[in-house]
Amino acid sequence: MKDFHQMLIERHSIRRYTDQPVDAEQVKLILEAALLAPCSKSSRAWQFVVVEDKDTLLRLADSKPGGTVPVKNCVLAVVVLMDPIKSEAWIEDGSVAASYMQLQAAALGLGSCWVEIRGRMHADGTPSEDYVREVLGVPDSLNPMCIVTFGHPDEIRRPVDPEKLLWEKVHVGKFRQDDAAE
Ligand SMILES: Cc1cc2nc3c(=O)[nH]c(=O)nc-3n(C[C@H](O)[C@H](O)[C@H](O)COP(=O)(O)O)c2cc1C
């Protein structure tokens, strides 16, 4: 297991994957990470759809006109569905679960990418959420929030240089008005 902080330095969104399937045990660990994620009031307002079928992945890649290259290329995707009645913090809850899956994938040496669905539009002008609901048979009560793609990386991304982190975004004790935060 890699040192956690070094893993964060090396993690990047991966949009190109090899055809090698993700091991079933690794898929289980990724889903366990989602189910272990903290959530508001223990609401557990999430549902996850695991997709490995290539045709379904290609249909999901049509959810919106751009930004779906990872869905087209991946061997595994987890669609995060959220119940807004069960949790008023459903966006936060879903985001934490998606991030947990991405971190678990990184710890396993796998690549991943978050593909946004919430608030996006299909090419025909209808909400991407509706399109995903139709492809996967999701009830109207659940909001498809994002698709997280996974696989063995087929691209090399350079680790972040810790010297280049935006420390000006960090305020100590009090918000600094002088160099206006962007
Ligand atoms: C809320 C959110 C939405 C994102 N949507 C997309 C997307 O639709 N398509 C995509 O290829 N990447 C998407 N990403 C990945 C970001 O582009 C990526 O995290 C960002 O450029 C920083 O790069 P890094 O992950 O390599 O550090 C999304 C990430 C987040 C957190």
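The values are calculated or read from the model by the stated rules, or taken from the named source; none is laboratory data. These numbers come from a predicted model, not from an experiment. Positions of Cβ are backbone-derived with ideal geometry, glycine not excepted, and every protein chain shown enters the neighbour counts. Surface areas here come from the heavy atoms of the whole protein model, side chains and all, with no ligands, DNA or RNA. Shrake-Rupley method; radii C 1.70, N 1.55, O 1.52, S 1.80 Å.
In the stretch 126-137 there is no residue that is in contact with a Cys (Cβ under 9 Å, 6 or more places away or on another chain) and of a type in the set (Ser, Thr, Tyr). Across the stretch 82-95, which residue is least open to solvent (accessible area, probe 1.4 Å) among those that are of a type in the set (A, V, I, L, M) and either without any contact (Cβ under 8 Å) to a residue 12 or more places away in the chain or touching a helix residue (DSSP H, G or I) at 6+ places or on another chain (Cβ under 8 Å) (or both)? Step by step, filter the stretch 82-95, then rank; the result is Met82. How many of the residues making up the stretch 96-113 are under 26 Å from Pro65 (Cβ atoms) and either surrounded by fewer than 18 Cβ atoms within 10 Å (Cβ to Cβ) or without any contact (Cβ under 8 Å) to a residue 40 or more places away in the chain (or both)? Qualifying residue count for the region: 1. Go through the stretch 123-134 and give me each residue that's crowded, with 18+ Cβ neighbours inside 10 Å and touching a residue at least 40 places away in the same chain (Cβ under 8 Å). The answer is Ser128, Tyr131, Val132. Among the residues making up the stretch 136-180, those that are within 16 Å of the ligand (Cβ to nearest atom), assigned to a loop (DSSP other than H, G, I, E, B) and over 21 Å from the mean Cα position of the chain (by Cα) are Asp161, Leu165, Leu166.
Quick check on Arg59: is it basic (Lys, Arg) and more than 17 Å from Pro144 (Cβ to Cβ)? The answer is no for Arg59. One residue stands out in the stretch 14-65 among those that are assigned to a helix (DSSP H, G or I), more than 21 Å from Ile117 (Cα to Cα) and among the charged types (D, E, K, R): the one that is most open to solvent (accessible area, probe 1.4 Å), namely Lys41. Across the stretch 38-72, the number of residues qualifying as more than 15 Å from the chain's Cα centre (by Cα), closer than 26 Å to Ala89 by Cβ and not polar (S, T, N, Q) comes to 6.
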